[in-house]
Structures are given as structure tokens and as C-alpha cells.
Amino acid sequence: MEQFLSPENFWAAWEKVAKNRGCAGVDDETIPMFGVHAAERLAGLRKAIRGGYYVPLPVKQFWIPKKQGGWREL
């Protein structure tokens, strides 16, 4: 658990997310918005997980068209 909660692990995960340049989640927070306070946010996230009170937000659902027709849920 300590390896998972290490600051280095959370920074590596954040860097991967930032490189993907995805869209905002259900909270409408964009990657640049999170990045402004990334150090504080990552520390708070680690603390919440370690303390057992972290509750993730729901995943943002959207649909993309498939080449063969129809839709795919992401």
C-alpha cells in the first residue's frame, strides 16, 4: 500500500493523465485547472485514501460512433 500511496507514484499517474489531454469529468474540472494546484490535490488525495474516506466521483459517460454503425459507450 505504501508504494501505491507514494508521492512519486501519484506524480507519475498525474503526468500520464496530463499527457492524454482528456476532457473534464463530471465535476467539469479540466486538466489545466487541476494542474494549477496539482501538488495540493495529489497530497489531499493520498491523505483521503490513506484515511479511508476517499469517495470517487462517478465516471463521465459518453458515446462515440462505431465505424460499422451503432454507438460505443465510453
Inset, instruction - Determine ³J(HN,Hα), in whole Hz, for all residues of the range 33-47 in sequence, where each value follows from phi through the Karplus function 6.51 cos²θ - 1.76 cosθ + 1.60 and θ = phi - 60°; x replaces Gly and Pro. - result: 5, 5, x, 4, 10, 4, 4, 5, 5, 5, 5, x, 5, 4, 5
Legend entry - Amide N proximity, the range 46-67 versus Met1 label position 7 Å along Cα-to-Cβ, cut-off under 14 Å: 46-54
Inset, instruction - Give me the angle, in degrees from 0 to 90, between the Cα long axis of helix 7-20 and the longest principal axis of the Cα atoms of the chain, rounded to the nearest 10. - result: 20
Legend entry - For the range 35-52 and the range 7-32, distance of Cα centres in Å: 13
Legend entry - GluC sites (Glu not before Pro) within the chain: DSSP coil, no more than 10 neighbouring Cβ in 10 Å: Glu2
Legend entry - Tensor-based shape of the chain (alpha-carbon gyration tensor, a/c under 1.5 rounded, otherwise prolate or oblate): prolate
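Coordinate-derived values only; no laboratory data. Here the structure is a predicted model, which is why all the values come from computation and not from measurement. Glycine also receives a Cβ, built like all others from the backbone with ideal geometry; neighbour counts cover every protein chain displayed.
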